[in-house]
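Asker: My structure is below; once you've seen it, I'll send some questions.
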């Protein structure tokens with residue numbers, strides 16, 4: 001009996017990076033805001049690089065509240081979609097072409113943002129934590145910070161309708 005050789009780590013990393021890139025490319029607004037994601041294993045950190053167009057009040061200056069809310073919501077949705085995609089990739093349910101194909105994203109039911117302080121004109125970071133994720137519904141909490149992770153400038157909680165697999169009766 002011969003054992004199957006494990007894939008080289010570079011191949012696995014490329015497949016995961018391609019899957020994340022495919023996921024992000026399906027949402028043009030993510031590109032418009034300039035949001036990127038730093039992936040460490042299955043953990044994602046959203047990054048919103050500073051840009052003048054993101055300033056809402058130039059006299060302070062502060063990030064626009066809508067940009068902050070969108071940043072948090074994008075981090076939550078991508079975390080949910082990435083979790084689903086990650087599980088499928090790691091269990092061998094998808095191949096490389098399926099991982100880079102457009103994925104159906106969760107739909108927002110509601111999203112509440114707590115603005116804790118003004119977002120300063122610098123890069124911002126966010127990390128989402130899935131509180132519950134079932135077949136139909138998910139609850140996510142997101143925290144955003146700039147220079148110091150202990151000093152959040154915004155946080156949000158959202159509830160999402162999870163996409164049903166193609167061909168399922170609920171679709």
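Only the coordinates and a few stated rules stand behind these numbers; no lab work does. If you're wondering where the values come from, they're calculated on a predicted model, not measured in any experiment. Neighbour counts run over all protein chains shown; Cβ positions are idealised from the backbone, glycine included.
Asker: Mean residue ellipticity at 222 nm from the helices of the chain, using -39,500 (n - 2.57) per DSSP H segment of n ≥ 4 over the full residue count, to the nearest 500 deg cm²/dmol?
Answerer: So the helix-based figure for the chain works out to -10000 deg cm²/dmol.
Asker: So what's the angle, to the nearest 10 degrees on a 0 to 90 scale, between helix 65-90 and the longest Cα principal axis of the chain?
Answerer: Approximately 10 degrees, to the nearest 10.
Asker: GNM on the chain, C-alpha springs below 10 Å: top fluctuator among 73, 43, 90?
Answerer: In the Gaussian network model the winner is 90.
Asker: Return the FRET efficiency for the residue pair residue 118, residue 11: r is the Cβ-Cβ distance, R0 is 45 Å, and the value is rounded to the nearest 0.05.
Answerer: 0.50
Asker: Now a separate question. So, in nm, how far is label residue 18 from label residue 130 when the simple model puts each one 7 Å beyond its Cα toward the Cβ?
Answerer: Between residue 18 and residue 130, the simple spin-label model gives 2.3 nm.
Asker: Okay, moving on. Could you state the angle between the C-alpha long axis of helix 9-25 and the longest principal axis of the C-alpha atoms of the chain, as a value from 0 to 90 degrees rounded to the nearest 10?
Answerer: Tilt relative to the chain: about 50 degrees.
Asker: Give, in nm to one decimal, the length gained when the segment between residue 137 and residue 110 is fully stretched (0.36 nm per residue of separation minus the Cα-Cα distance).
Answerer: Full-extension gain reported as 8.6 nm.
Asker: Work out, in µm²/s and without decimals, the Stokes-Einstein translational diffusion coefficient of segment 9-161 at 37 °C, 0.692 mPa s, Rh from Kirkwood over C-alpha pairs.
Answerer: Stokes-Einstein gives a translational diffusion coefficient of 205 µm²/s.
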